[in-house]
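A.B. asks: Structure in structure tokens, see below.
The values are calculated or read from the model by the stated rules, or taken from the named source; none is laboratory data. Since this is a predicted model, take the numbers as computed values, not measurements. Here Cβ is always computed from backbone atoms with ideal geometry, including for glycine, and neighbour counts include all displayed protein chains.
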């Protein structure tokens, strides 16, 4: 086997190890929805406490994005991922063994802290192991594995819970994460030269001398005017993804259309399927077909506006098949396309601060989630309930808001910069 073949095989080995880590990230993000009935019984929780337990994952995840970017630029991706994955594994095992509510919340915080350091360091590592023209496709494939993690936390997790109970079902991924951490430490390398593939770096970006001055790096990033259109776009996308699909979409489908929880869950799974099957296609379209980041972001943002407008105009009159299709399309426009925006962010900056830049950008979807989850709930509460459920007019109001923010996201991304030329 020649050096080139060995290199290709080795980088794909790295890809699959890190993709498995990312599967765990999405598993933890979605799993409380499936485990909710068992968790309520185990810890004698109210609905408010259940929400607190679920959200305990998101706060450390969002807060850590900039520090994680700095660590990946200074420590390197391998060390960062290994250390934090071990923290996630410990948090997962503690959660599965939690004797009381506050212990479980602390464990979820540790899980969120641990998995916060998977995505950004991996994106930085891919910048070195894959050619620039391959980057969007690889990132899309990586996001697809995240979608598989979303799906794993639904039907498969429910099946495991029925057989083994929720605690064993949580402990199993914790043990798997320990194994993945070990594999990451011994197999993953920060660049090809560390594995004696120096000749394969000619067509790849080589890291410049690192400048670990935080203020200098942040200043460079924040002064880049084309950073902000993507950041604003991400706030609105995160608001829709976490605020609506992550919280209120289920009640919306049940209250407005009278669907059972099972059918509502099936419809929501369209978001996961969009991630799994469309994310790799997005990368190919960006790299090979349109040869553009901006065209993909603008066109999907326009499609997102159309999808929300359909719900605004025809809310109570949509057929089941149209709802399925619309949720799938919105899964594409709020989830699958996110990696292209991260790729565009990466290409705005030199590799020495790429991790920091992507880390900063990855904060904004969570800002959107933190803002929109309580905002949409407040609007629904102000509109009031009839017979214990929110009214169609209340839901139409939040759909209108999401439509307006989708238009604002479209306008914002139209002011972004085309970065594909740098990746050629």
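A.B. asks: Out of contact with any helix residue (DSSP H, G or I) (no Cβ under 7 Å at 6 or more places or on another chain) and either over 16 Å from residue 24 (Cα atoms) or part of a helix (DSSP H, G or I) (or both) - does that describe any residue in segment 145-156?
C.D. replies: Yes, the conditions are met somewhere in segment 145-156.
A.B. asks: Can I ask one more? On the given criteria, is residue 301 surrounded by fewer than 23 Cβ atoms within 10 Å (Cβ to Cβ) and assigned by TED's automatic domain parsing to the domain that holds residue 322?
C.D. replies: no
A.B. asks: Of the residues 112, 140, 165, 96, which single one is crowded, with 24+ Cβ neighbours inside 10 Å and closer than 30 Å to residue 46 by Cα?
C.D. replies: 112
A.B. asks: Is there a residue being in the same structural domain as residue 228 (by TED's automatic domain parsing), under 12 Å from the mean Cα position of the chain (by Cα) and not in a helix (DSSP H, G or I) anywhere in segment 371-387?
C.D. replies: No: zero hits.
A.B. asks: Next question, about the same structure. Please go through segment 19-67 and give me each residue that is more than 20 Å from the chain's Cα centre (by Cα) and free of Cβ contacts under 8 Å to residues at least 12 places away in the same chain, ordered by number.
C.D. replies: 37, 40, 41, 46, 47, 48
A.B. asks: Considering only residues that are at pLDDT 85 or above and not in a helix (DSSP H, G or I), which ones fall in segment 1-52?
C.D. replies: 44
A.B. asks: Also, quick follow-up: Out of segment 354-363, which residues are in a helix (DSSP H, G or I) and surrounded by fewer than 24 Cβ atoms within 10 Å (Cβ to Cβ)?
C.D. replies: 360 - this is the single residue of segment 354-363 that is in a helix (DSSP H, G or I) and surrounded by fewer than 24 Cβ atoms within 10 Å (Cβ to Cβ).
A.B. asks: Which residues, taken from segment 277-293, are assigned to a helix (DSSP H, G or I) and surrounded by fewer than 20 Cβ atoms within 10 Å (Cβ to Cβ)?
C.D. replies: Across segment 277-293, the qualifying residues are 277, 281, 284, 288, 289.
A.B. asks: Determine which member of the set 323, 332, 296 is in a helix (DSSP H, G or I) and over 19 Å from residue 414 (Cα atoms).
C.D. replies: That would be 323, the only listed residue that is in a helix (DSSP H, G or I) and over 19 Å from residue 414 (Cα atoms).
A.B. asks: Could I ask something else about it? Starting from residues that are outside any helix (DSSP H, G or I) and at pLDDT 85 or above, keep the ones in segment 229-270 and report whichever is farthest from residue 320 (Cα to Cα).
C.D. replies: Selected residue: 258.
A.B. asks: Taking segment 388-418 on its own, how many of its residues are in a loop (DSSP other than H, G, I, E, B), at pLDDT below 90 and surrounded by 16 or more Cβ atoms within 10 Å (Cβ to Cβ)?
C.D. replies: Matching residues across segment 388-418 total 1.
A.B. asks: State whether the residues of segment 201-212 include one that is more than 23 Å from residue 133 (Cα to Cα), surrounded by fewer than 16 Cβ atoms within 10 Å (Cβ to Cβ) and modelled with pLDDT of 75 or more.
C.D. replies: Scanning segment 201-212, I find no residue that is more than 23 Å from residue 133 (Cα to Cα), surrounded by fewer than 16 Cβ atoms within 10 Å (Cβ to Cβ) and modelled with pLDDT of 75 or more, so the answer is no.
A.B. asks: In segment 334-352, which residue that is farther than 18 Å from residue 146 by Cβ and within 21 Å of the chain's Cα centre (by Cα) is surrounded by the most Cβ atoms within 10 Å (Cβ to Cβ)?
C.D. replies: Only one residue fits best here, namely 344.
A.B. asks: Another question, if that's okay. For the structure I just gave you, tell me whether residue 331 is surrounded by fewer than 23 Cβ atoms within 10 Å (Cβ to Cβ) and either touching a helix residue (DSSP H, G or I) at 6+ places or on another chain (Cβ under 8 Å) or at positive phi (or both).
C.D. replies: no
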